[in-house]
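Report on one structure; see the data block that follows.
Only the coordinates and a few stated rules stand behind these numbers; no lab work does. Owing to the predicted nature of the structure, the values given are computational and were not obtained by experimental measurement. Cβ coordinates were reconstructed from backbone atoms using ideal geometry, including for glycine residues, and neighbour counts include every protein chain displayed.
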Amino acid sequence: MIKVSRKTNETDITVKLNLYGTGKANIDTGVPFLDHMLDQVARHGLMDINIKCDGDTQIDDHHSVEDIGITLGQAFAQATGDKKGFTRYGHSYVPLDEALSRVVLDLSGRPGLDLNVSFTRALIGTFDVDLFSEFFTGFVNHALVTLHIDNLKGVNSHHQAETIFKAFGRALRMAVTPDERQAGVIPSTKGSL
């Protein structure tokens, strides 16, 4: 299990991550809807994820959401190391009632985010949907992955978000799955990722 802590004037975060867990989550971010979404990543990614965040949510949720993305990205980068023997690429389509999302990623060693989601409303409960971009930007910049997220359809914003996070978990799971044919090999013609 990898443990990463990050403390700023705005947040105090600890993330514990086991890429090859059973989908157990213990998440307390101070942002309930984000807790729900990260639980989906753990369950569908079959990763064990523990996150504790004390943030300045009395201002708003922005700093907590962004910094959790950063810290989870740092933990993911440590857990994947040089990526020897990994499948490297992952993808998933996930439906939930009327909503359908696709997530495709590459453990490329290069940060990149292409996020195409037109949420049907600006808030899910009290959660500002603009913060999803902050979370995923923080993650890719520190995990050093290329991530494409497309919500292909959806009317209910909760369903749109949930399909994205479930697909994200499943795509991560695929990418870190060992490839027996590449055991001990970095999956790149360059020899490094």
Is it true that some residue in the stretch 158-180 is in a loop (DSSP other than H, G, I, E, B), crowded, with 20+ Cβ neighbours inside 10 Å and not basic (Lys, Arg)? no
Single unsatisfied condition, Phe135 versus (1) buried (at least 19 other Cβ atoms within 10 Å of the Cβ); (2) closer than 12 Å to Ala161 by Cα: (2)
With the condition kept exactly as written, say whether any residue in the stretch 102-118 is touching a His at 6+ places or on another chain (Cβ under 7 Å), part of a strand (DSSP E or B) and over 22 Å from Glu162 (Cα atoms). no
Of these, Asp67, Asp54, Asp106, which one is surrounded by fewer than 17 Cβ atoms within 10 Å (Cβ to Cβ) and of a type outside the set (S, T, N, Q)? Asp54
Report yes if Leu100 is touching a residue at least 60 places away in the same chain (Cβ under 8 Å) and within 16 Å of the chain's Cα centre (by Cα), otherwise no. no
Test Gly90 against the criterion of being touching a strand residue (DSSP E or B) at 6+ places or on another chain (Cβ under 8 Å) and assigned to a loop (DSSP other than H, G, I, E, B), and give yes or no. no
Residues that are hydroxyl-bearing (Ser, Thr, Tyr), outside any loop (DSSP other than H, G, I, E, B), surrounded by 22 or more Cβ atoms within 10 Å (Cβ to Cβ) and touching a residue at least 12 places away in the same chain (Cβ under 8 Å): does the stretch 12-25 have at least one? no
